[in-house]
Amino acid sequence: MKIIDAHNHPDWHGHDLDKFLANMDANNIAQTWLLSWECPIHEYSKGYAKAIPAQVMGSQTGPIPFSRCVAYHERAPERFVLGYAPDPRLPQACEQLEAAYHIYGARVCGEVKVRMMYDDRDALRLFRRAGKLKMPVVLHLQDEIGDRDGAWQEWWGGDIATLERMLQACPETNFLGHAPGFWIHISGDDLYRKASYPPVPCPVQPGGKVPELLRRYPNLYCDWSAGSGCRALTRDPVFAKEFLDEFQDRVLYARDYFDTQHRDFLNSLELSDAILAKLYHANAEKLAPQP
Ligand SMILES: [Zn+2]
């Protein structure tokens, strides 16, 4: 079965290109969507220091500059699908996205991970441009958890209502939801007020916003990567099987890391080969066709 990892990053968690390619080979991964992460340095917490060497390199554009994605893509073009998301607040963001598309062959607009509401007018302007270029937009969505005595907290993009307004405002743009603030809403409970991640196991309650938005908006897809995506399904394997059956055309296998947790779980569900083919590669190929 052909496998595409629809979410990963260059130089991420101690991987250089050789180590990255060796990991892809060991995991039978044909292609990886290689995403940038550009935002001001004061917007992300120190917790990321181990995962990203960009500051060591003196990057001015963020933790994972697009230039590093290009460097990988140029050395192994057949193994990577190039992603780029400029900071939407930059006056030239749309032009930069166009340039990345036409000059470097970027085909995905991601990862969008900036400390701004994603339905801000500058963000919507960029997302509409991505839609015109047929670039799917990968969103890191993560909300604050409670007030925490007014302490600084990481948040990215807003809440699940922000996502709904974007889906309405940009019907021609395909969005991929990712990260804790997206996946916690697979369930209709109020866990999202208290935690970024659910415990495992933790039965999914009916009425979750994620299934609701998927049914209502054909331009929403799911990036299953990272602990947030994996736990959303491992918390309730019976629900997971129903979810992947109903939304078999809308979920993309993705890692955001170099492990096998998603595949181990997926393979344990005894899904049909037709569904697995969509999750492992066909949905990714549909969203970001390669020449
Ligand atoms: Zn992310």
_Which of W224, W183, W12 ends up with the largest GNM mean-square fluctuation for the chain, with Cα atoms connected below 10 Å?_
W12
_Give me the mean projected area, in nm² to one decimal, of the convex hull enclosing the Cα positions of segment 129-217._
6.5
*Of Y257, Y192, Y48, which has the largest mean-square fluctuation in a 10 Å C-alpha GNM of the chain?*
Y48
*Relative contact order (%) - segment 4-287, alpha-carbon pairs under 8 angstrom, separation at least six*: 16
_Separation of alpha-carbon centers, segment 1-76 and segment 169-200, rounded to whole Å_ = 23
_For a test of the definition: using alpha carbon positions, the gyration tensor, and the 1.5 limit on a/c, classify segment 154-263 as rounded, prolate or oblate._
rounded
*In nm, to one decimal, how far is the E98 label point from the D122 one, both placed 7 Å along Cα→Cβ?*
1.9
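Rounded, prolate or oblate, given the Cα gyration tensor of segment 208-291, with a/c below 1.5 counting as rounded? All intermediate terms of the calculation are to be shown ahead of the outcome.
On the way: a/c = 1.34, a/b = 1.07, b/c = 1.26.
Rounded.
As a test of reading the structure, rank D190, D25 by solvent-accessible area (1.4 Å probe, protein chains only), most first. If you can, show how the numbers build up before the last one.
Values: D190 75, D25 95 Å².
From most accessible down to least: D25, D190.
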*Between exposed trypsin sites (Lys or Arg not before Pro) in the chain, where DSSP calls loop and at most 12 other Cβ atoms lie within 10 Å, what's the longest gap?*
51-193
*Keeping all protein chains in place, calculate the accessible area per residue for the chain (probe 1.4 angstrom), answer in Å².*
43
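Convex hull over the alpha-carbon atoms of the chain: what's its volume per residue in Å³?
Numbers: hull volume 36.1 nm³, N = 291.
Dividing the Cα hull volume of the chain by its residues yields 124 Å³.
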_For a Förster distance of 30 Å, can you work out the FRET efficiency between the beta-carbons of R115 and R216, rounded to the nearest 0.05?_
0.65
_Please list, ordered by chain and number, the residues whose modelled amide H lies under 5 Å from the amide H of C222; skip anything fewer than 5 residues away on the same chain._
G177, V251, L252
*Mind listing P(r) for segment 39-115? All alpha-carbon pairs, 10 Å bins, whole percents.*
18, 49, 30, 3
*When the accessible area of segment 136-290 is split by element with a 1.4 Å probe, what percent falls to carbon and sulfur?*
50
*Treating cross-link reach as a plain straight distance, find the lysines whose alpha-carbon is under 27 Å from the alpha-carbon of K194, omitting any fewer than eight places away in the same chain.*
K46, K50, K113, K209, K241
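Take the eigenvalues of the Cα gyration tensor for segment 1-140, scale each by 5, and report the square roots as semi-axes in whole Å, largest first. If you can, show how the numbers build up before the last one.
Working: eigenvalues 112, 69, 32 Å².
For segment 1-140, the ellipsoid semi-axes come out as 24, 19, 13 Å.
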_Karplus (6.51, -1.76, 1.60) ³J(HN,Hα), θ = phi - 60°, over segment 204-210, in Hz, Gly and Pro reported as x_ = 6, 8, x, x, x, 5, 5
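Report, in deg cm²/dmol and to the nearest 500, the calculated mean residue ellipticity at 222 nm for the chain, where each DSSP H run with n ≥ 4 adds -39500 (n - 2.57) and the sum is divided by the residue count.
One gets -10000 deg cm²/dmol as the mean residue ellipticity at 222 nm.
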*Quick one: among V137, V108, V204, which has the greatest mean-square fluctuation in a GNM of the chain with alpha-carbon springs under 10 angstrom?*
V204
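The values are calculated or read from the model by the stated rules, or taken from the named source; none is laboratory data. The shown structure was predicted, so the numbers you read here are calculated from the model rather than taken from an experiment. Glycine gets a Cβ as well: all are built from the backbone with ideal geometry, and neighbour counts include every protein chain shown. Remember, those area values only see protein heavy atoms, side chains included, never the ligands or the DNA or RNA. Shrake-Rupley method; radii C 1.70, N 1.55, O 1.52, S 1.80 Å.
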